[in-house]
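Just so it is clear, none of the values below were taken in a lab; they were calculated from the coordinates. Computed from a prediction, not measured in an experiment: that's the story for all the values here. When we count neighbours, we look across all protein chains shown, and the Cβ atoms used for this are built from the backbone with ideal geometry, even at glycine.
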Number of protein chains: 2
Amino acid sequence: MPDERKRFECDSLKRFAKAVFEKKGLSPDKAADVAEVMLAADGLGIESHGIQRIGMYMTGMKIGRIKPMAEITVVKETPVSALLDNNDGMGQPAAIKAMKMAIDKARKTGVGIVTVRNSNHFGIGGYYSMMAAKEGLFGCSMTNSEAMVVPTFGRHPMLGTNPIAVTMPASPTYFHFDVSTSVVPAGKIEVYARNKKPLPDGWAVDPDGKVTNDPQVFLDIRKNKTDGGLLPLGGYGMETSGHKGYAFSMIVELMTAVFSGGNTSNHVREVANVDKCCHMFQAIDYGIFGDRKAIEDHFSKYMDEIRQSPKAAGQTRICCQGDIEAEVAKRIEADGIPIHDTVLAEFESIGRELGIDSKSILAEKKR
Amino acid sequence: MPDERKRFECDSLKRFAKAVFEKKGLSPDKAADVAEVMLAADGLGIESHGIQRIGMYMTGMKIGRIKPMAEITVVKETPVSALLDNNDGMGQPAAIKAMKMAIDKARKTGVGIVTVRNSNHFGIGGYYSMMAAKEGLFGCSMTNSEAMVVPTFGRHPMLGTNPIAVTMPASPTYFHFDVSTSVVPAGKIEVYARNKKPLPDGWAVDPDGKVTNDPQVFLDIRKNKTDGGLLPLGGYGMETSGHKGYAFSMIVELMTAVFSGGNTSNHVREVANVDKCCHMFQAIDYGIFGDRKAIEDHFSKYMDEIRQSPKAAGQTRICCQGDIEAEVAKRIEADGIPIHDTVLAEFESIGRELGIDSKSILAEKKR
């Protein structure tokens, strides 16, 4: 089925998003940060975290979960670290500030680690790890989130999907990944539900903690806030090592919520109008270990050996982390960002409410 | 089937191991390091990495893979980091030196990261992360290793089993895990082969890169050095997110081999008499983010919430990382370390060769 959606200039969408968030009370800089991270997601084809999320953020502000005027406080700082309190502000400006601080510290000392507490959804973690890589540094970001993952042998969601993003300079493209530590993110199950496809084993458990293949069961769990949820990477129990995904997810809780003194995922969004998730940002200047160029070349050579290595039967390609992302980004840059008509209608309605003429701002991509 | 093996005092086994490595040319300190890490594995019930491995290390020295007299060189050092060259020495003394340096740096600056290249098998990674935790720090260790894991959609082993170990102070026991980034380590398949049990899906691929359930296929691959091998955590392809395990495994290659300028796993042990694997050790003084005691208490409380959370149908217990390890360690401390008669005979023979009377050193545990 060809994609019949209209396609727009990225910059015009960014201008619209920035205008919306300024009207909601964010400073121009912070509004620009939010727009930038949202459109970066669209630029990578990660629409779930792109500009279509604007409505969800508006709701977050309406119910008081997001405080648009909140200031970011530096609670504690050392030459290699900082702890920020986002005081319930939007996640993106705090995350950008935190990664900028981590980058600055890494330049001066070799390493920077900055944690953030009392925050909100920060968009795609990969944006921040990429910020470091664009400065010639190793970058890593983590965030916890509303609990929807059960621990191994549990049935109550105690962990967020807790993504880890890492980016490292290399040729011809950055080494880059941004993945949840659950076997899949919630959005993937929603797609299966829409397509009425049964879930593979090891993705989700029902309210009794038993593996379910019915995507609707997961949607009902989310709607009714019952037990059940996603499984950690590795699936159910220990046979295929679900306990390892559980351990990696705990590392995210440790480095985000525990190091920052903020909410672990089981307390994030306990009530609808309070989020208070936590993030962690790390930058490393790998020049502390040797010649920077030699290190990048070494990694690029290894990745090329992997790409060129023999393929499994029936497979024609082995990718390194970031290969697909780079191709998708290139295609979307050429084609423009696709927006569904229903989302356009929502933009119009939001614009009307705020006195912004979305139609005059949004520019269709000329092809 | 009850375990009928004789059980020995840990200290007596440690004395024997130390004597063996001293005779082979290691300094008394280094021989003590090797003995210490080996017996720590036995103390946790990880026999594959315990004193029974002594014969394998002896072989490694005989064929020249391990150079017992090698010195550890500090190649580069900053206040937050160091790069060591192990010059083909035993892994354990270099790993202990590296983690000690990381701990010292973390005490002074908040963070210490030390990489090691041109090394050999270092035993259990968890020993080193625990070193940091015993000093009240967050500890992490990683190592790459001989390639036996295929990348997603590949059939040629390009990655090691690449374990990650993390330890963090908490009550009542340390948060602690030490897991390979492959779905299982090779040793687990050997156990299935011995018991003639079919492998679960998603553990290993045959020489064509297709999923195999026959443990013997994997053993043949290892023996004949053909294509095929273990799958990354998450299993085959992308449906159950094998690409995530592949990404985490790449992080280990990056932080060990690439940062240190050493061999990536596909070049480790390319010939039998050269290993040259690489390690990474990290310590963080989380006091840089807030009150240390408050951070530990916060983590302990969260882990307790997880332990107490509702269990999946048919399950009676949810563990946190380190719970089982602490129980096993306690039991082995009380009962002594079990050694198979065939291993005892090997010790006798090694002792005879080196002029060490194993029987007079080894003391059976009095119960």
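Quick notes on this one:
- For B:Gly154, the residues whose amide H sits under 5 Å from its own are A:Ala312, ignoring neighbours fewer than 5 places away on the same chain, with H placed 1.01 Å from N.
- Too-long pairs where the Cα-Cα distance tops 28 Å, listed order kept, from A:Lys18/A:Lys67; B:Lys14/B:Lys134; A:Lys108/A:Lys276; B:Lys24/B:Lys134; A:Lys225/A:Lys330; B:Lys196/B:Lys223: A:Lys108/A:Lys276; B:Lys24/B:Lys134; A:Lys225/A:Lys330
- Potential lengthening of the chain between A:Ala294 and A:Lys134 amounts to 55.9 nm, from the contour at 0.36 nm per residue minus the alpha-carbon distance.
- Taking every alpha-carbon pair in segment B:184-230 and binning the separations at 5 Å intervals from zero gives 5, 28, 37, 24, 6 percent.
- Remark: mean inter-chain Cβ contacts per residue of A:177-184 equal 4, using a 10 Å Cβ-Cβ cutoff to other protein chain atoms.
- Estimated Rh, segment B:36-182: Kirkwood, alpha-carbon pairs, angstrom: 16.1
- Vicinal HN-Hα couplings computed from phi for segment A:84-94 (Karplus, 6.51 cos²θ - 1.76 cosθ + 1.60; Hz; Gly/Pro x): 10, 10, 8, 6, 6, x, 3, x, 4, x, 5
- Whole-Hz ³J(HN,Hα) from phi, Karplus 6.51 cos²θ - 1.76 cosθ + 1.60, for segment B:228-234, glycine and proline x: x, x, 7, 9, x, 3, x
- Chain B: calculated mean residue ellipticity at 222 nm from DSSP helix runs of at least 4, using -39500 (n - 2.57): -12500 deg cm²/dmol
- Taking amide H atoms as placed 1.01 Å from N in the peptide plane, the amide H of A:Ser81 lies under 5 Å from those of A:Ile113, each 5 or more residues away in sequence or on another chain.
- Anisotropy class of chain A from Cα gyration tensor, a/c 1.5 cut: rounded
- Here's how it looks for B:Leu159: its modeled amide H is under 5 Å from those of B:Met148, B:Val149, which are all 5 or more places away or on a different chain.
- Charge dipole magnitude, Cβ of K and R +1, D and E -1 - chain B, Cα centre, debye nearest 20: 320
- Among B:Thr316, B:Thr167, B:Thr109, the largest mean-square fluctuation in a Gaussian network model of chain B, built with springs joining Cα atoms closer than 10 Å, belongs to B:Thr316.
- Taking other C-beta atoms within 10 angstrom as a stand-in for reagent exposure, B:Glu47, B:Glu333, A:Glu325 fall in the order B:Glu333, B:Glu47, A:Glu325, fewest first.
- Computed over segment A:184-329, the P(r) tail beyond 27 angstrom holds 47 percent of alpha carbon pairs.
- Each other copy places its own label point for A:Ala329 at 4.3 nm from this one, sorted shortest first, where the point lies 7 Å along the Cα-to-beta carbon line.
- Relative contact order (%) - chain A, alpha-carbon pairs under 8 angstrom, separation at least six: 22
- Positive dipole terminus of chain B, leading residue within B:Ala272, B:Val217, B:Pro198 (C-beta point charges): B:Ala272
- Distances between every pair of Cα atoms in the protein assembly as shown, grouped in 10 Å steps from 0 to the bin holding the largest one, split as 3, 14, 24, 27, 18, 8, 3, 1, 0, 0 percent.
- With R₀ set to 30 Å, the beta-carbon distance separating A:Thr316 from B:Thr59 gives a calculated FRET efficiency near 0.15.
- Cα-based Rg of segment A:1-69 normalised by 2.2 N^0.38 Å, two decimals: 1.15
- Segment A:184-228: relative contact order in percent, alpha carbon pairs under 8 Å with at least 6 residues between: 34
- Sorting A:111-120, B:124-133 by average packing, meaning the other beta carbons within 10 Å per residue, from highest down gives A:111-120, B:124-133.
- Each other copy holds its own label point for A:Pro200; taking that point as 7 Å from Cα along Cα to Cβ, the gaps run 1.4 nm, nearest first.
- Test item: Cα-centred dipole of segment B:260-341, Lys/Arg +1 and Asp/Glu -1 on Cβ, debye: 220
- Working ranking of peptides A:158-166, B:173-181 by packing, defined as the average number of other Cβ atoms within 10 Å per residue, highest first, is A:158-166, B:173-181.
- Mean-position separation - Cα centroids, segment A:296-361 and segment A:117-170, in angstrom: 18
- By average C-beta atoms within 10 angstrom, highest first, the peptides B:272-281, A:90-99: A:90-99, B:272-281
- Position B:Thr316, label points 7 Å along Cα→Cβ, spacing to each other copy in nm (shortest first, one decimal): 5.5
- Relative to the current alpha-carbon distance between B:Leu219 and B:Ser27, full extension at 0.36 nm per residue lengthens the span by 65.5 nm.
- Calculated from backbone phi, Karplus (6.51, -1.76, 1.60) coupling profile of segment B:68-77 in Hz, x at Gly/Pro: x, 8, 4, 9, 8, 9, 8, 7, 7, 8
- Residue and distance (whole Å) for the chain A Cβ nearest the axis that superposes A on B: A:Val111, 2
- Among B:Met99, B:Pro163, B:Gln308 the positive-end extreme of the charge dipole of chain B (Cβ point charges): B:Met99
- Computed from point charges on the beta carbon alone (+1 for Lys and Arg, -1 for Asp and Glu), the dipole magnitude for the protein assembly as shown about its Cα centre is near 240 Debye.
- Selection from A:Ile46, A:Ala257, B:Ala82 lying farthest towards where the dipole of the protein assembly as shown points positive, charges on Cβ: B:Ala82
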